[in-house]
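Worksheet for the structure shown next.
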Amino acid sequence: MSRYLLAIDQGTTSSRAVLVHRQGHIVDMVQRDFSQHYPEPGWVEHHPGDLWHTVLDCCQQLLKEHQLNAADIIGIGITNQRETTLIWDKDSGEPIYPAIVWQDRRTADYCQKLTDAQPDLEAQVQSKTGLLLDPYFCASKIHWLLENVPGARHQAEQGKLCFGTVDCYLLWHLTKGRVHATDATNASRTLLFDIHAQQWDQELLRLFDIPAALLPEVKDSACEFGSTDTSWFGGAIAILAMAGDQQAALVGQCCFDKGMAKSTYGTGCFLMLNTGEQALQSQNRLLTTLAYRLNGKPTYALEGSIFMAGATIQWLRDGLHLIEQAGESEQLARETKVDHGVLLVPAFTGLGAPYWDPDARGAILGLTRDTGIKEIVSAGLQSVCYQTKDLQKAMEADGVRPTCLRVDGGMVRNDWLMQFLADMLGAQVQRSKVNETTVLGVAYLAGLQAGTFASLEELAAQWTEDRSFDPVLSKAKRDELYKSWQQGVRRIQTKV
């Protein structure tokens, strides 16, 4: 009997292959970092070959280290950085241009022109997709590629090119071009997918001038996606699940009931609240998205996206050289007061939800002669919590309030940060015993498809808490700090 599930996690700064036992626990992982490229201010790119080759290398090394072959693997699940956009040649598999990363803001002017020409357009787009008309999503990136890569539009219209998010690109390579497909969670992030009709929308394709021939087939999150080519792993392995990284984390956190919420703190921060069968349209610039789709039935979520969370601490380390390791930030924060007076607004690539201001830029405010490294690093950590508070307030205004938050991601090992997060939210923060909830979630989906796990209820019973954090800061102090944050944001906003 095959004993393991293989989870592929292709992220913004690294790729990982993770071995998950059929009983649901993580056995081992292999990780490979790769470079980001910034050819112009506000532009972020990846070399597509880096995405594919790091994934393949991780998978092959993991199987080799554990002396496993294809027959030992029940199936593969793929989770990925969302909205990152690729177009490649259907015959050769060669990309026509580097991958345009989700953080990239080069299409901000194009999106603004569309909005200026039709003031009610964003509302129309949101009613179908649950998303806002923003360069964050794939549609404007696809349009840019077709307009700026010589010959691309003609080739696309001739059906010679494929568009895909990273999951789709990896699937295409794993199957050696036999399968061009994505899942509903990734499709729901393109700005081209009607989340109510569960299909690509012809009006949106016309709006962005995108040929339908470019688009992949959309499948359930747990589904038969084909099998790997025998040349990669010495035999065929079934690919049984795909999901965007934040949706996979929601599954890994077992937030299957309506009203349950999780927040992932990685490069960015993504708070997602399960709204069940109801696609709740936000009136406060949050996103309505697919949480997952199983057996053709969609489950929806409300999401707030923050562009800079762990990336802020990375900048303090690599850009300003204030710390040598990210882990040093916790001790520095403990050595200063929470009301030290410094604000760091990390709008390096604009502001995400609920502001959606692509032209805003970062600032450090409140500097005095007494300000030192401790205060600036502490302000960087606090900015993550303040931005999460922004999302909580927006959800409250939409009529839903996550009073308990399950957290995961690289930053949640910082106890000081988690306590300050609970203080700012005025809500309990629950840290999962398993921090790798993204890979666990897509492994769960693959296991559901394979019959390894019988139901969502069986999975929910596996979730265990590492530690919970309850608020201890007074409401008056919380309100004072958050008011100061709001004032700081207003100083750098270009859209109000």
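The values are calculated or read from the model by the stated rules, or taken from the named source; none is laboratory data. If you're wondering where the values come from, they're calculated on a predicted model, not measured in any experiment. Cβ: placed from backbone, ideal geometry, glycine included. Neighbour counts: every protein chain shown.
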Close pairs (8 angstrom Cβ cut-off, 6 or more residues apart or separate chains): over 14 Å from Pro48 (Cβ atoms) in the range 98-114, of a type in the set (A, V, I, L, M, F, W, C) and assigned to a helix (DSSP H, G or I) anywhere: Arg106/Trp144; Thr107/Trp144; Tyr110/Trp144; Leu114/Leu121; Leu114/Leu207
Which of the following residues is in a loop (DSSP other than H, G, I, E, B) and in contact with a helix residue (DSSP H, G or I) (Cβ under 6 Å, 6 or more places away or on another chain): Leu332, Leu316, Leu344, Leu322? Leu322
Scope the range 136-167; condition touching a Ser or Thr at 6+ places or on another chain (Cβ under 7 Å) and farther than 29 Å from Asp220 by Cβ; matching residues: Trp144
Every residue from the range 448-475 that is touching a strand residue (DSSP E or B) at 6+ places or on another chain (Cβ under 6 Å), assigned to a helix (DSSP H, G or I) and not small (Gly, Ala, Ser): Leu448, Gln449
Residues of the range 63-98 satisfying the condition of being crowded, with 21+ Cβ neighbours inside 10 Å, of a type in the set (A, V, I, L, M) and under 30 Å from Leu448 (Cα atoms): Leu63, Ile73, Ile74, Ile76, Ile78, Leu86
Sort out which residues of the range 478-496 are part of a helix (DSSP H, G or I) and either surrounded by 14 or more Cβ atoms within 10 Å (Cβ to Cβ) or among the polar types (S, T, N, Q) (or both), and write them in order of number. Arg478, Leu481, Tyr482, Ser484, Trp485, Gln486, Gln487, Gly488, Val489, Ile492
Every listed condition ((1) touching a Leu at 6+ places or on another chain (Cβ under 6 Å); (2) more than 16 Å from Tyr136 (Cβ to Cβ); (3) aliphatic (A, V, I, L, M)) holds for Ala248 save (1)
For Gln60, work out the one condition from (1) within 24 Å of Gln449 (Cα to Cα); (2) within 16 Å of the chain's Cα centre (by Cα) it doesn't fulfil. (2)
For Leu51, all conditions in the list (1) outside any helix (DSSP H, G or I); (2) buried (at least 24 other Cβ atoms within 10 Å of the Cβ); (3) of a type outside the set (Ser, Thr, Tyr) hold save one; what is the number of the exception? (1)
Considering Leu445, Leu417, which residue is in a helix (DSSP H, G or I), among the hydrophobic types (A, V, I, L, M, F, W, C), touching a helix residue (DSSP H, G or I) at 6+ places or on another chain (Cβ under 7 Å) and within 30 Å of Lys337 (Cα to Cα)? Leu417
Cβ-Cβ distance below 8 Å, separation of 6 or more or different chains: which pairs start in the range 53-76 with a residue that is under 11 Å from Met29 (Cα atoms) and end on one that is among the small types (Gly, Ala, Ser)? Cys58/Ser15; Cys58/Ala17; Cys59/Ala17; Gln61/Ala17; Leu62/Ala17
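Restricting to strands (runs of 3 or more DSSP E) lying wholly in the range 137-225: which have 2 or more residues that are in contact (Cβ under 8 Å) with a residue 60 or more places away in the chain, crowded, with 20+ Cβ neighbours inside 10 Å and assigned by TED's automatic domain parsing to the domain that holds Asp9?
Values: elements: 161-164, 181-183, 217-219.
Passing ranges, in order: 161-164, 181-183.
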Only listed residue being closer than 17 Å to Leu171 by Cα and of a type in the set (Lys, Arg), chosen from Arg3, Arg22, Arg32, Arg16: Arg16
Of the residues that make up the range 27-36, is at least one closer than 18 Å to Trp144 by Cβ, surrounded by fewer than 21 Cβ atoms within 10 Å (Cβ to Cβ) and without any contact (Cβ under 8 Å) to a residue 24 or more places away in the chain? no
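So for the range 50-70 (the condition being in contact with a Gly (Cβ under 6 Å, 6 or more places away or on another chain) and over 27 Å from Arg206 (Cα atoms)), does at least one residue qualify? Even if it seems obvious, please write down each step before you answer.
Step one: list which residues in the range 50-70 are in contact with a Gly (Cβ under 6 Å, 6 or more places away or on another chain), which gives 69-70.
In the following step, the residues that additionally are over 27 Å from Arg206 (Cα atoms) were identified as 69-70.
Yes, the range 50-70 has at least one match.
Within 27 Å of Gly259 (Cβ to Cβ), surrounded by 21 or more Cβ atoms within 10 Å (Cβ to Cβ) and basic (Lys, Arg), is that true of Arg406?
On the way: within 27 Å of Gly259 (Cβ to Cβ): yes; surrounded by 21 or more Cβ atoms within 10 Å (Cβ to Cβ): yes; basic (Lys, Arg): yes.
Yes.
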